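For reference, the structure discussed in these notes is given below.
The values are calculated or read from the model by the stated rules, or taken from the named source; none is laboratory data. From a predicted model like this one, the values you see are computed outputs, not experimental measurements. Note: areas computed on protein heavy atoms with side chains; ligands, DNA, RNA excluded. Shrake-Rupley method; radii C 1.70, N 1.55, O 1.52, S 1.80 Å.
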Amino acid sequence: MIRVLIVEDEKPISNLIRLSLTKEGFHCTCAYDGAEAADLLEREPPYDLILLDVMLPEVDGFELMEYIRPLEIPVIFLTAKGAVADRVKGLRLGAEDYIVKPFDTIELLARIDVVLRRYKKCDMVLEVGGVKIDTASMRVWRDGEEISLTKTEYDLLLLFARNPRRAMYRETIYERVWGGDYPYGSKAVDLHVQRLRKKVGWEHTLRAVNKVGYRLEVET
């Protein structure tokens, strides 16, 4: 499980990020000032990613970055300081990305995914429900036979494979795969799930959840 340290002094923002990431299968720890974050980094097992605010009590994000850099943990700055000079400073200090508040959680998740792939912290090959997925080449097999999927079907497959045994709302599925808000009355999710089930042999595994969406029933 990917371990994320969220360093953000505004608790409503911190809690929103934590809830969003936890739903996606991340293990999150929150720190509310720079000194607390430094203490956690010293005594906790290594984190895979740090989401770091700039304007923090005790020790600000730029100062904390000097402490983090030797640890070789990827950092994404999350801050209201959107001036070009601040962005450049953050990137030159070694951050992988710099996101200005306010931001959509969908964008944050996408940027996290890019950084984790860059650091090879995501599984490159997944085997779920009898299906083998090579995320580097975006190729899929079942019983040794390669399966041809569209880009949307592949993204849908990967979403379920990374979230086994979790009931996923149609709205969430649409946002993660298609992007944007779920159009009222849309059948896009249901139609693509039907096709995906047949192609990868998940007719009895990828199950509908009444009034919610879908859940992939496999052993984890």
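Couplings 3J(HN,Hα) for the stretch 127-144, derived from phi with the Karplus relation 6.51 cos²θ - 1.76 cosθ + 1.60 (θ = phi - 60°), are 10, 9, x, x, 10, 10, 10, 9, 6, 6, 9, 6, 10, 9, 9, 9, 6, x Hz, where x marks Gly and Pro. Residues considered: Gly129, Gly34, Gly179. Largest GNM mean-square fluctuation over the chain, using C-alpha springs under 10 Å, is found at Gly179.
Both numbers refer to the Cα atoms of the stretch 57-118; Rg and Dmax are 11.7, 32 Å. For the stretch 96-180, the relative contact order comes to 18 percent (Cα pairs under 8 Å, sequence separation of at least 6). If one computes the Cα centroid of the stretch 145-174 and of the stretch 3-64, what distance in Å separates the two points? For the stretch 145-174 versus the stretch 3-64, the Cα centre distance is 29 Å.
Highest GNM mean-square fluctuation among Leu52, Leu191, Leu19, for the chain modelled with Cα contacts below 10 Å: Leu191. The largest accessible area among His204, His192 belongs to the first residue in His204, His192, and the rest follow in falling order (1.4 Å probe, all chains).
What's log10 of I(q)/I(0) for the stretch 144-197 at q = 0.17, 0.19, 0.26 Å⁻¹, Debye sum over Cα points only, no solvent? Each listed q corresponds, in turn, to -0.53, -0.65, -1.15.
According to the Cα-based calculation, Rg over Rh for the stretch 115-156 is 0.99, with Rh computed by the Kirkwood formula. The tail of the calculated P(r) for the stretch 1-98, taken as Cα-Cα distances beyond 23 Å, holds 17 percent of the pairs.
Sort all Cα-Cα distances of the stretch 82-149 into consecutive 5 angstrom bins from zero, then give the percent of pairs in each bin up to the one containing the longest distance. Distribution as computed: 3, 14, 16, 16, 15, 11, 8, 8, 6, 3, 1 percent. Only one item in [x] -0.41, -0.50; [y] -0.34, -0.42; [z] -0.25, -0.32 matches log10 I(q)/I(0) by the Debye sum over Cα atoms at q = 0.08, 0.09 Å⁻¹ derived from the coordinates shown, and that item is [y]. The convex hull of the Cα atoms of the stretch 132-175, projected and averaged over all directions, covers 3.6 nm².
Taking only C-alpha pairs under 8 Å that are 6+ residues apart, what is the relative contact order of the chain in percent? The normalised contact order for the chain reaches 13 percent. Our summary gives the stretch 139-220 a relative contact order of 36 percent, counting only alpha carbon pairs under 8 angstrom and 6 or more residues apart.
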